[in-house]
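**Student:** Can you keep this structure in mind? I'll have questions shortly.
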Amino acid sequence: MGHKYPAEKPRGYAQLEVDARGVRRALGFDLTGKLPGLKIFESLGNYSVSLRGAQIQLSYAVEELEPGIEAEARFERDCGEIVVCLTPLTYEQLEQDYPRSRFSVFHEIGHAVLHPAELIGLSRKPRDQAALQRVSYGHLLPYQDAEWQANTFAASLAMPALGLEQLLRERRLQVSEVMHSFCVSQQSAEIRIKTFLARKDTLCR
Ligand SMILES: [Zn+2]
């Protein structure tokens, strides 16, 4: 998903922080440090999401996607799984810790974890039709938009509030330090630091 799209549930910063922390915990990663991109991607098979009483298994794949798309999450009707898919190039760049590829993967993990119902809905429609329906969603508030949710989730997954709090305590909460510690772009670090400082009490709870 790449455009505004209404999420079934509204989710704000605090909820998305909890969601991202839950994924780290469920997959056995620490709650404060840099997430190993390739390792989390390849451990997605150990995660399932619950939807209306049913468990939906996640999985991962590497394959060519439509031009311009680096990564996607989709519901596979054949196996009933949500697959997070990367192009071979994105996979290679993830292996080399490119911040952009890391962010793409975390964004798609966000869709997989947060939006199973939406992905199932999209899987029932032809692609062009699903795209057409996006046109009228300009009125969405950020926390209702699946794309905003996935981006915010990705930032929380990459730069957990508990990790930023540690840097703050050590007086090291600077853009360059965050870029280096969590392997993120300058822009991601800047936005995240602002978000964090404005709500650190709720985010660290
Ligand atoms: Zn998306």
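**Student:** Which of the residues that make up the range 27-47 are open to solvent by less than 60 Å² (accessible area, probe 1.4 Å) and in a loop (DSSP other than H, G, I, E, B)?
**Tutor:** L27, F29, L31, T32, G33, L35, P36, S43, Y47
**Student:** Okay, next question. Residue check: is G163 more than 14 Å from the ligand (Cβ to nearest atom) and among the small types (G, A, S)?
**Tutor:** yes
**Student:** Which of (1) within 15 Å of the ligand (Cβ to nearest atom); (2) surrounded by 19 or more Cβ atoms within 10 Å (Cβ to Cβ) is the odd one out, the single condition L140 does not satisfy?
**Tutor:** Condition not satisfied by L140: (2).
**Student:** Please list, ordered by residue number, the helices (runs of 4 or more DSSP H) wholly in the range 48-132 having 2 or more residues that are surrounded by 19 or more Cβ atoms within 10 Å (Cβ to Cβ) and in contact (Cβ under 8 Å) with a residue 24 or more places away in the chain.
**Tutor:** Per the criteria, 88-95, 99-114, 116-123.
**Student:** Is one or more of the residues making up the range 128-144 within 30 Å of L173 (Cα to Cα), among the hydroxyl-bearing types (S, T, Y) and touching a Lys or Arg at 6+ places or on another chain (Cβ under 7 Å)?
**Tutor:** Looking for residues that are within 30 Å of L173 (Cα to Cα), among the hydroxyl-bearing types (S, T, Y) and touching a Lys or Arg at 6+ places or on another chain (Cβ under 7 Å), one finds at least one in the range 128-144, hence yes.
**Student:** Any chance the range 177-185 includes a residue that's modelled with pLDDT of 95 or more, over 19 Å from the mean Cα position of the chain (by Cα) and either open to solvent by less than 20 Å² (accessible area, probe 1.4 Å) or not hydroxyl-bearing (S, T, Y) (or both)?
**Tutor:** Checked the range 177-185: at least one residue is modelled with pLDDT of 95 or more, over 19 Å from the mean Cα position of the chain (by Cα) and either open to solvent by less than 20 Å² (accessible area, probe 1.4 Å) or not hydroxyl-bearing (S, T, Y) (or both).
**Student:** Looking at (1) in contact (Cβ under 8 Å) with a residue 60 or more places away in the chain; (2) open to solvent by 40 Å² or more (accessible area, probe 1.4 Å); (3) assigned to a helix (DSSP H, G or I), which is the only condition R24 fails?
**Tutor:** Looking at each condition in turn, R24 falls short on (2).
**Student:** Do we have T32 as modelled with pLDDT of 95 or more and touching a Gly at 6+ places or on another chain (Cβ under 6 Å) here?
**Tutor:** yes
**Student:** Could I ask something else about it? Just need a number here: residues in the range 143-166 that are part of a helix (DSSP H, G or I) and open to solvent by less than 10 Å² (accessible area, probe 1.4 Å).
**Tutor:** Count: 11.
**Student:** Please indicate, with yes or no, whether at least one residue in the range 2-10 is within 16 Å of the ligand (Cβ to nearest atom), touching a helix residue (DSSP H, G or I) at 6+ places or on another chain (Cβ under 6 Å), in a loop (DSSP other than H, G, I, E, B) and of a type in the set (S, T, Y).
**Tutor:** Yes, the range 2-10 has at least one match.
The values are calculated or read from the model by the stated rules, or taken from the named source; none is laboratory data. All of these numbers come straight from a predicted model, not from anything done at the bench. FYI the Cβ positions are ideal-geometry reconstructions off the backbone, even for glycines, and counts take in every protein chain you see. Remember, those area values only see protein heavy atoms, side chains included, never the ligands or the DNA or RNA. Shrake-Rupley method; radii C 1.70, N 1.55, O 1.52, S 1.80 Å.
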